[in-house]
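Read the structure below first, then the notes.
The values are calculated or read from the model by the stated rules, or taken from the named source; none is laboratory data. Quick caveat: nothing in here was measured; it's all calculated off a predicted structure. Cβ placement follows ideal geometry from the backbone for every residue including glycine, while neighbour counts extend to all protein chains displayed. Accessible surface is based on the protein model in full, side chains and every heavy atom, while ligands, DNA and RNA are left aside. Shrake-Rupley method; radii C 1.70, N 1.55, O 1.52, S 1.80 Å.
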Amino acid sequence: PKDPNVLYAATQNYLLKTMDGGKSWKALLSYDSFDFWHDAPTLVMHPTDPQILLLAVQSLGVMRTSDGGASWTRVDRGWNQSEPMSMVAFAPSDGNIVYAERVLPQRKKDDVPTRQLATYRSTDAGRTWTQMPVIEGYHQVRYDMSIAVDPEDPNHVILANTAMLISKDGLRSLNPPLVSPHGDHLR
């Protein structure tokens, strides 16, 4: 936002950066990719500091930079690592608040294979995380994982997956809407 010549692009195999409006690109990170729906990355930028970015990609986990991509630190070490498909989203009105969700390993419930999503909240722009509620009944791949944060209220969060859940208290509690708009929610 401060320099229209600087752009980032997260592809299936690379995180790229241009500093000349797209004429040339430099790979900042490379990562393995096996399947588009599992490996599609999520790249988000801090709402007021464009040097801070978070990248969530299955083969690397959740990575953070505070220097525009020159160096990266993995910030999801305390999370379940068995299947690190994740989604992250900054709160537009408070860049210290970041939300994330991660797919948990497949398990059986009443002899039916099912998955859950662990949710996380950061209050220091993605450096450290606190685990929040686990969402039951998730059963699709990253295909429809999404998080939206109200542009004016950093505690108002919508998690939309195979079920839609709303939090008004920063993921401390999650409630379904009175009427779900659809059975499959994409970002």
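Two decimals is fine: what is log10 I(q)/I(0) at q = 0.18, 0.30 Å⁻¹ for segment 49-106, from a Debye sum with one equal scatterer on every Cα and no solvent?
-0.63, -1.28
Using only the Cα atoms, work out Rg/Rh for segment 8-68, with Rh taken as the Kirkwood radius, to two decimals.
That ratio is 0.97, to two decimals.
With a 1.4 Å probe and all protein chains left in place, how much of the accessible area of segment 49-187 comes from carbon and sulfur atoms, in whole percent?
Carbon with sulfur: 50 percent of the solvent-accessible area.
Quickly work out the Met19-to-Leu7 label distance, labels modelled 7 Å from Cα along the C-beta direction, and quote it in nm with one decimal.
1.8 nm
Applying a 10 Å radius around every beta-carbon, put 1-9, 169-177, 87-95, 104-112 in order of their mean neighbour count, most first.
87-95, 169-177, 1-9, 104-112
Percent relative contact order of the chain, based on C-alpha pairs within less than 8 angstrom and at least six residues apart?
Taking the mean separation of contacting Cα pairs over the length of the chain, I get 13 percent.
Could you report segment 54-187's accessible area per residue, 1.4 Å probe, as an integer in Å²?
Averaged over the residues of segment 54-187, the accessible area is 46 Å².
Roughly how many nanometres apart are two label points built 7 Å out from the Cα toward the Cβ at Arg77 and Thr130?
About 2.1 nm separates the two model spin labels.
For every other residue with a beta carbon closer than 12 angstrom to the beta carbon of Pro105, add +1 if it is Lys or Arg and -1 if Asp or Glu, then tell me the sum.
Neighbour charge sum, excluding Pro105 itself: +3.
For the chain, evaluate the Debye formula with one uniform point scatterer on each Cα (no solvent term) and list log10 I(q)/I(0) at q = 0.18 Å⁻¹, rounded to two decimals.
-1.24
For the full complex of protein chains and a 1.4 angstrom probe, list Met19, Met164 by accessible area with the highest value first.
Met19, Met164
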